[in-house]
1. Taking all protein chains as present, what is the carbon and sulfur share of the accessible area of the chain, in % to the nearest whole number, probe 1.4 Å?
2. Placing +1 on the Cβ of each Lys and Arg and -1 on the Cβ of each Asp and Glu in the range 124-262, which of A176, A158, G147 has its Cα farthest towards the positive end of the resulting dipole?
3. Which peptide among 185-198, 273-286 comes first, and what is the full order, when sorted by highest mean count of other Cβ atoms within 10 Å?
4. Could you list which residues have their amide H under 5 Å from that of V17, counting only those 5 or more apart in sequence or on another chain, with H placed in the peptide plane?
5. Given H placed on each backbone N at 1.01 Å, which residues far from T122 in sequence or on other chains put an amide H within less than 5 Å of it?
6. When a/c is below 1.5 the answer is rounded, else prolate if a/b is larger than b/c, else oblate, so apply that to the chain with a ≥ b ≥ c taken from the square roots of the Cα gyration tensor eigenvalues.
7. Using the Karplus curve 6.51 cos²θ - 1.76 cosθ + 1.60 with θ = phi - 60°, work out ³J(HN,Hα) for each residue of the range 153-165 in order, rounded to whole Hz, and write x for Gly and Pro.
8. Amide H to amide H, which residues 5 or more places from L190 or on other chains are under 5 Å from it, using H placed in the peptide plane?
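The values are calculated or read from the model by the stated rules, or taken from the named source; none is laboratory data. Computed from a predicted model, the values in this text were never measured in an experiment. In this analysis, Cβ positions are derived from the backbone assuming ideal geometry, glycine residues included, and neighbour counts consider all displayed protein chains. Only protein heavy atoms, including side chains, enter the accessible area calculation; ligands, DNA and RNA are left aside. Shrake-Rupley method; radii C 1.70, N 1.55, O 1.52, S 1.80 Å.
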Amino acid sequence: MAQGQAERAPIGAYGKVTITGKTRVVGVWGYPVGHSRSPAMHNAAIEALGLDWVYVPFAVAPEAVAAAVAGIRALDLVGVNVTVPLKREVIPYLDEVAPDAARIGSVNTIVNRAGHLSGHSTDGPGFLWDLERRNICPDGRSVLLWGAGGSARAVAVALASRGCRISIANRTLARAQELANLAGAGAKALDCNAPSYAQVVADAEILVNTTSLGMAPALVDEMPSVSDGALHAGQIVYDLVYVPDRTRLLVAAEAAGCQTIGGLGMLICQGAVSLSIWAGIPLVDVPLDKMETGLGL
Ligand code: NDP
């Protein structure tokens, strides 16, 4: 091996990501994390931006969160993305949490500036940005949101900020009510067993699945409750689930003539917002096309 080659050895499937003596680490925490597609997506963008960074997955058990956060400072990581089940758990250990993230109780991005750790949520902005780049304006439209978990909180608050009229249906009705209170702007909890449910589904202009229904492997054959004929042309059906990229809900919606959008678009946009914060660059400079290529799209 020629001199100098060892310190620039290509790694993994990304080929062109190189490790130097100055390479800094950024990554994603989850538990489990092995399914994550963020490393492929981010390393493609990191390479395109010419950053001497590498993005790696870390399996962080919930009981190890305090030590892992201390590790960000000790190892001078650029920052990390945070996914299930840690988005709320990391909050007490950060120096600062952005107001939007504090409001929804969810951090998916930690930024390290000389040991000062701030937490952000890019899920809501990523969701809205994905709509925008598809020329969909949600302002003032009627939305049916399935789910009331972490991603639902981000999406509901983002849509409420755009004046949407939101109905929230969730397996646990009390959580839907809590989320309606949090979102404000007239958001309402909706009982899937109520006689009015089918009509709300039919009347919604935008329908968003934020539940895990449809997610492989365990729930791949499931979808939110939709009676025959309720979905129709003119509706937009957005599924946050991205494994598989065509869920059972999207297949049914497409057959009914709806416009359908899978979760990879939001994954890319929320990741791009995270990258713009870490790198201190404008969003327009983040290479979305490279992130798509990294995902094999
Ligand atoms: P949470 O665990 O916070 O919430 C899960 C939600 O799904 C709850 O509303 C829960 O209902 C519901 N749910 C789970 N299992 C069932 C079931 N068997 N029947 C009915 N409802 C069920 O998860 P997140 O909100 O963080 O994530 C949800 C999905 O969104 C995941 O698939 C995740 O991968 C995806 N996601 C995609 C993103 C993207 O960028 N595309 C970003 C973030 C998430 P209950 O309240 O009754 O328990």
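1. 54 percent
2. Farthest towards the positive pole: A158.
3. Per-residue mean Cβ counts within 10 Å order the peptides as 273-286, 185-198.
4. Under 5 Å from the amide H of V17 lie the amide H atoms of I11, each far enough along the sequence or on another chain.
5. Result for T122 returns N108, T109.
6. Verdict is prolate for the chain.
7. 4, 5, 5, 5, 5, 5, 5, 5, 5, 9, x, 6, 9
8. Amide H neighbours of L190: I168, A169, N170.
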